[in-house]
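Engineer: What follows is a single structure, and I will ask about it in a moment.
The values are calculated or read from the model by the stated rules, or taken from the named source; none is laboratory data. Since the structure is predicted, the reported quantities are computational estimates derived from the model, not experimental observations. All Cβ positions, glycine included, derive from the backbone under ideal geometry; neighbour counts span all protein chains shown. Note: accessible area is taken over every heavy atom of the protein model, side chains too, but ligands, DNA and RNA are not part of it. Shrake-Rupley method; radii C 1.70, N 1.55, O 1.52, S 1.80 Å.
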Amino acid sequence: MKSFNFKSAANTREATKMASGRTAFLAGGMTLLPAIKLRLAAYSELINIKEIKGLSGIKISSKSLRIGATTTHATVAASKEVGKSIPSLAVLAEGIGDPQVRNRGTIGGSIANNDPAADYPSACLALNATIHTSKRKIPADKFFKDMFETDLKKGELIETVEFEVPEKSAYAKFPNPASRYAIVGVYVAKLKKEVRVAVTGVESAVFRCTKLEDALSSNFSSSAIDNVNISSKGFNADIHASAEYRAHIIKVMAKKAVSSC
Ligand SMILES: Cc1cc2nc3c(=O)[nH]c(=O)nc-3n(C[C@H](O)[C@H](O)[C@H](O)COP(=O)(O)OP(=O)(O)OC[C@H]3O[C@@H](n4cnc5c(N)ncnc54)[C@H](O)[C@@H]3O)c2cc1C
């Protein structure tokens with residue numbers, strides 16, 4: 001079904017109230033609209049959340065960086081605040097898709113969609129993010145469930161993503177040359193209390209690589225990665241890369257990320 005009603009919400013309360021039955025929130029529309037057009041999804045109503053004031057914008061404090069759900073990738077990439085506090089996040093945003101996608105796509109849409117090859121989910125896991133929704137606060141560790149699946153309930157709206165400001169961090173991506181989605185993406189973050197490493201593009205959903213985290217916790221240097229053995233068991237294999245190749249590229253990207261921290 002390609003026909004649907006289109007409504008614009010003025011605030012988050014109105015948006016969540018409208019969200020019952022076969023409805024979906026519409027942010028940048030970069031995934032939702034193609035899915036509807038290709039008949040992979042059908043809704044009776046789309047609720048435009050881009051007009052909601054206060055749902056976009058960037059706020060920085062000494063400990064955290066908060067990005068509003070409808071903030072576009074282009075805004076994050078160009079933000080001085082992001083560039084100063086978490087430059088790796090600006091690099092990640094700059095590497096998403098193409099200028100059209102970056103000017104429409106939003107951080108909230110990206111993580112709600114949880115594409116297995118998307119970039120932002122890895123930033124959320126590595127930077128120990130908290131997802132603030134219309135109902136609750138969800139730690140990133142509990143948010144990303146499986147392929148295109150999150151902990152969000154029907155009608156629950158992402159309002160803000162709050163990232164911990166790390167001591168050091170970097171994101172290295174081996175991109176699909178056509179879409180720029182990650183064939184393998186590795187986000188490394190040295191936080192105050194721990195080292196976190198998140199990997200995207202490799203399994204059905206983003207995951208933390210504990211072997212790399214352990215190695216880097218005792219020695220935060222690219223040489224610490226040399227002796228880590230990454231098994232390819234359960235990894236994606238497709239026309240772009242075999243599971244074994246992905247396992248190899250994880251180490252290459254992790255070393256690249258640590259070297260540029
Ligand atoms: C050609 C192309 C290339 C791309 N390349 C990349 C890439 O390299 N890396 C990458 O990471 N991504 C890539 N993307 C994805 C893109 O970056 C978008 O972030 C993503 O498509 C979804 O964001 P959106 O704002 O467009 O969300 P929409 O398409 O509007 O929505 C997506 C889903 O999220 C839900 N949703 C949206 N906002 C909220 C919210 N605030 N709360 C709850 N649910 C919400 C919607 O209901 C829908 O189910 C690419 C997309 C295209 C079309």
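Engineer: Quantify, in whole percent, the carbon and sulfur part of the accessible surface of the chain (1.4 Å probe; protein heavy atoms only).
Structural biologist: 51
Engineer: For the chain, what does -39500 (n - 2.57) per DSSP helix run (n ≥ 4), summed and divided by total residues, give at 222 nm, in deg cm²/dmol to the nearest 500?
Structural biologist: Computed mean residue ellipticity for the chain: -8500 deg cm²/dmol.
Engineer: Based on the Kirkwood radius over alpha-carbon pairs, what value in µm²/s does the Stokes-Einstein equation return for the translational diffusion coefficient of segment 123-261 at 20 °C and 1.002 mPa s?
Structural biologist: Estimated diffusion coefficient is 137 µm²/s.
Engineer: While we're here: Be a star and scan segment 56-73 for residues whose amide nitrogen sits under 13 Å from the point 7 Å along the Cα-to-Cβ vector of Lys80.
Structural biologist: none
Engineer: Based on alpha-carbon atoms only, what is the radius of gyration of segment 14-70 relative to the globular estimate 2.2 N^0.38 Å?
Structural biologist: 1.40
Engineer: Taking 0.36 nm per residue of sequence separation and subtracting the Cα-Cα distance, how much length would be gained by fully extending the chain between Arg136 and Ser217, in nm to one decimal?
Structural biologist: Full-extension gain reported as 26.0 nm.
Engineer: Need the full-extension length gain, Lys17 to Glu167, defined as separation in residues times 0.36 nm minus the C-alpha distance. One decimal, nm.
Structural biologist: 50.0 nm
Engineer: Eigenvalues of the Cα gyration tensor times 5, then square-rooted: what semi-axes does that give for segment 121-178, in whole angstrom, largest first?
Structural biologist: 23, 17, 9
Engineer: Could you sort 253-261, 54-62, 106-114, 153-161 so that the peptide with the highest average Cβ count within 10 Å comes first and the rest follow in order?
Structural biologist: Result, highest mean Cβ count within 10 Å first: 106-114, 253-261, 153-161, 54-62.
Engineer: Then there's this: According to the Kirkwood expression over distinct Cα-Cα pairs, how big is the hydrodynamic radius of segment 10-144, in Å?
Structural biologist: When all Cα pairs of segment 10-144 are included, the Kirkwood radius is 15.5 Å.
Engineer: A further question follows. In a Gaussian network model over the chain where Cα atoms closer than 10 Å are linked, find which of Ala189, Ala241, Ala172 has the largest mean-square fluctuation.
Structural biologist: Most flexible of the set in this elastic network: Ala241.
Engineer: Another question about this same structure. Using 27 Å as the Cα-Cα cut-off, could you pick out the over-long pairs in Lys84/Lys145; Lys153/Lys233; Lys145/Lys190; Lys135/Lys173; Lys233/Lys255?
Structural biologist: Distance filter (> 27 Å) returns Lys84/Lys145; Lys153/Lys233; Lys135/Lys173.
Engineer: What is segment 90-159 by shape, rounded, prolate or oblate, if you read a ≥ b ≥ c off the alpha carbon gyration tensor as root eigenvalues and call it rounded for a/c under 1.5, prolate for a/b larger than b/c, and oblate otherwise?
Structural biologist: Prolate, because a/c is 1.5 or more and a/b exceeds b/c.
Engineer: In nm, to one decimal, how far is the modelled label at Asn48 from the one at Ser8, with both set 7 Å along Cα→Cβ?
Structural biologist: Each label point is offset 7 Å from its Cα along the Cβ direction, giving 0.4 nm.
Engineer: Here is a further query. How many angstrom lie between the Cα centre of segment 118-135 and the Cα centre of segment 226-256?
Structural biologist: With segment 118-135 and segment 226-256 each reduced to a Cα centre, they are spaced 23 Å.
Engineer: A further question follows. Send over the semi-axes of segment 74-196's equivalent ellipsoid, whole angstrom and largest first, taken as the square roots of 5 times the C-alpha gyration tensor eigenvalues.
Structural biologist: Sorted largest first and rounded, they come to 20, 18, 14 Å.
Engineer: Take the chain, connect every pair of alpha-carbon atoms lying under 10 Å apart with a spring to form a Gaussian network, then pick out the residue of Thr23, Thr72, Thr130 with the largest mean-square fluctuation.
Structural biologist: Of Thr23, Thr72, Thr130, the Gaussian network model singles out Thr23 as fluctuating most.
Engineer: Let me ask you something else. What is the diffusion coefficient of the chain in µm²/s, taking the Kirkwood radius over Cα pairs and the Stokes-Einstein relation at 4 °C with a viscosity of 1.567 mPa s?
Structural biologist: 70
Engineer: For segment 167-226, what size does the Cα cloud have along each of its three principal axes, sorted from largest down, in whole Å?
Structural biologist: Principal extents (largest minus smallest coordinate, Cα): 37, 23, 19 Å.
Engineer: Also, quick follow-up: Hey, can you find the accessible area per residue of the chain for me, probe 1.4 Å, expressed in square angstrom?
Structural biologist: Here the residues of the chain average 48 Å² of exposed surface.
Engineer: Here's another thing I want to ask about it. Lys153 label point, 7 Å along Cα→Cβ, cut-off 16 Å on backbone N: hits in segment 126-146?
Structural biologist: 132-139, 143
Engineer: Sticking with this one: Can you tell me the dipole magnitude for segment 25-178 around its Cα centre, using point charges on the Cβ only (Lys, Arg +1; Asp, Glu -1), in Debye to the nearest 20?
Structural biologist: Approximately 280 debye in magnitude.
Engineer: Here's something else I'd like to know. Set Lys and Arg Cβ to +1 and Asp and Glu Cβ to -1, take the dipole of the chain about its Cα centre, and tell me which of Cys209, Gly21, Val91 lies farthest positive.
Structural biologist: Gly21
Engineer: Could you give the DSSP H helices of the chain that reach 18 angstrom or more along their long axis (alpha carbon positions) and whose average Kyte-Doolittle hydropathy is no lower than -0.5?
Structural biologist: 243-259
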